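Comments concern the structure below.
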Amino acid sequence: MKVTAFIGSARKKHCWQAAEKFLQNLKTMGDVEYEIIRLSDYNLQICRGCKLCIEKGEQHCPLKDDRDILIEKMRRSDGVVFAVPNYTFQISGLMKVFLDRLAYICHRPEFFGKTYTGIVAQGIWGGKKIAAYIDFVGSPQGFNVVKSSCIMTLEPMTEKQQKKIDRIIGKQCRDFYQQLVKNEYRRPTFFEMLMFRLGRTRIKMMLDESYRDFIFYRDKGWFESEFYYPVKITFVKKIFGDAIDSVMTKSLEKDMNGERKKKVIRESEPQKTLTAFK
C-alpha cells in the first residue's frame, strides 16, 4: 500500500515532523510505502477562477504548472494525508492554493476507496476548525475520511506536550490504518446522498454535452445509479434519495418554465412597442 503526505508549509518543522511520525507509525503496522511531498517544492499557480476546469474539463486550465503531477501522486496512492500549519487561524496559503486547484474534482469525484486524513499543527487556537475544514473538502472528492487531528506545537516544547502529540498521532494512525486495509467503498451518509442526488439532477436537467460535468456523469452511468459507486443502500436512504430527486426535478421544472415565460414576454415586448408606435 502507498500513502502520500502533502505538507502545506515551506518549513521542515512541525508539519513535516508530525507527518513523518504518522507515516513511520503506519509502516510498523503493515506493508506500507510512503512519500512526503512539500508543496513548496512544486510550481503551483493561483487559480484564476475562470471555471474552465469545471465547465470544459481540467485539461483546459490555462495554468501550466505542477498541478497534474501532484494529482497523479494522489491517484497512485491508497491513502493521502494533508499536513498543514495554522496560519492566522486558517490553513496556509500554500495549501489553499492546492485545494483550489482540486476544485473540479469536487464536481467530478474520483478518489473512491482511498483513505484520507489531515494533521493541523498550531500554536494557540483555531486548529480544530481547520481540521474540520480539511475533513469537509475530502468528502466531495470521494475519499474515505478519517477524522483529522490538531496538535499544539508551542516552542519550547515540553516533554509532556510531546507525549500528548505522540498519543494523538498514534490514535489517528491506528484509525487510518484500519480504514486503509479495508480498501472498501463505504456506505454514504444521508448528507452525501443528498449532495449526490441534488448535483446529478441539476446536471442532468440544466446542462448538456457542451459541459464536462454532463459528459462525465453520463459516461459513468451516474444519471441512473443509486450513488457514485455500487454499494448497498438501505431502504430508508433509497426512499430519501428518490424523494430528493422528485423535489429537485419539480423545483427545476418550475424555474425553467418561469424562465421560458419571461423569455416569451421579453421577445413580445418590442413587437407591442412597435404596434403602439404605428
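Details
- When you restrict to C-alpha pairs under 8 Å that are six or more residues apart and normalise by the size of segment 124-202, the relative contact order lands at 25 percent.
- Chymotrypsin sites (Phe, Trp or Tyr not before Pro) restricted to DSSP loop in segment 175-246 with at most 13 other C-beta within 10 Å: Phe223
- Label-point separation in nm, Glu55 to Lys160, each point 7 Å along Cα→Cβ: 5.8
- Gly113 long-range amide H proximity, modeled H, under 5 Å: Asn144, Arg186
- Fully extended contour minus Cα-Cα distance, from Glu253 to Phe190, at 0.36 nm per residue: 20.2 nm
- Using only side-chain charges placed at the Cβ, +1 for Lys and Arg and -1 for Asp and Glu, the dipole size of segment 2-182 relative to its Cα centre rounds to 380 debye.
- Phi angles across segment 151-163 convert, under the Karplus curve 6.51 cos²θ - 1.76 cosθ + 1.60 with θ = phi - 60°, into 3J(HN,Hα) values of 10, 8, 10, 4, 10, x, 8, 7, 5, 5, 5, 5, 5 Hz, Gly and Pro given as x.
- CD proxy at 222 nm, helix term only [per DSSP H run n ≥ 4: -39500 (n - 2.57); per residue of the chain; nearest 500]: -17500 deg cm²/dmol
- Whole-Hz ³J(HN,Hα) from phi, Karplus 6.51 cos²θ - 1.76 cosθ + 1.60, for segment 215-228, glycine and proline x: 4, 4, 5, 5, 5, 7, x, 6, 5, 10, 7, 6, 7, 4
- Across segment 179-189, computed HN-Hα scalar couplings (Karplus, 6.51 cos²θ - 1.76 cosθ + 1.60, θ = phi - 60°) run 6, 4, 6, 5, 6, 10, 8, 6, 6, x, 7 Hz from first to last residue, x flagging Gly and Pro.
- Between Gln178 and Ser225, the simple spin-label model (points 7 angstrom out along Cα→Cβ) gives 2.8 nm.
- This ranking places Ser251, Ser148, Ser210, Ser77 by how few other beta-carbon atoms lie within 10 Å of each, fewest first, which gives Ser210, Ser251, Ser77, Ser148.
- As a calculated quantity, the FRET efficiency between Lys129 and Glu20 at R0 = 22 Å, using C-beta atoms, amounts to about 0.35.
- For segment 164-267, applying the loop criterion from DSSP together with a ceiling of 16 other beta carbons within 10 Å to the GluC sites (Glu not before Pro) yields Glu184, Glu209, Glu224.
- Fluctuation leader among Gly79, Gly49, Gly126 - the chain, Gaussian network, Cα springs under 10 angstrom: Gly49
- Put simply, the amide H of Ile37, placed in the peptide plane, has neighbours under 5 Å in Ala5, Phe6, Ile7, leaving out anything fewer than 5 places away on its chain.
- Kirkwood hydrodynamic radius of segment 2-182, from inverse mean 1/r over distinct Cα pairs, in Å: 16.6
- The H on the amide N of Lys2, modeled in the peptide plane, is under 5 Å from the matching H of Glu33, Asp78, Gly79, each at least 5 residues off or on a different chain.
- Sequence-separation-based contact order of segment 85-169, relative, with Cα cut under 8 Å and 6+ spacing, percent: 31
No value in this document is a laboratory result; all are computed from the given coordinates. Model, not experiment: these values are computed from the prediction. Positions of Cβ are generated from backbone atoms using ideal geometry, with glycine treated the same way; all protein chains shown enter the neighbour counts.
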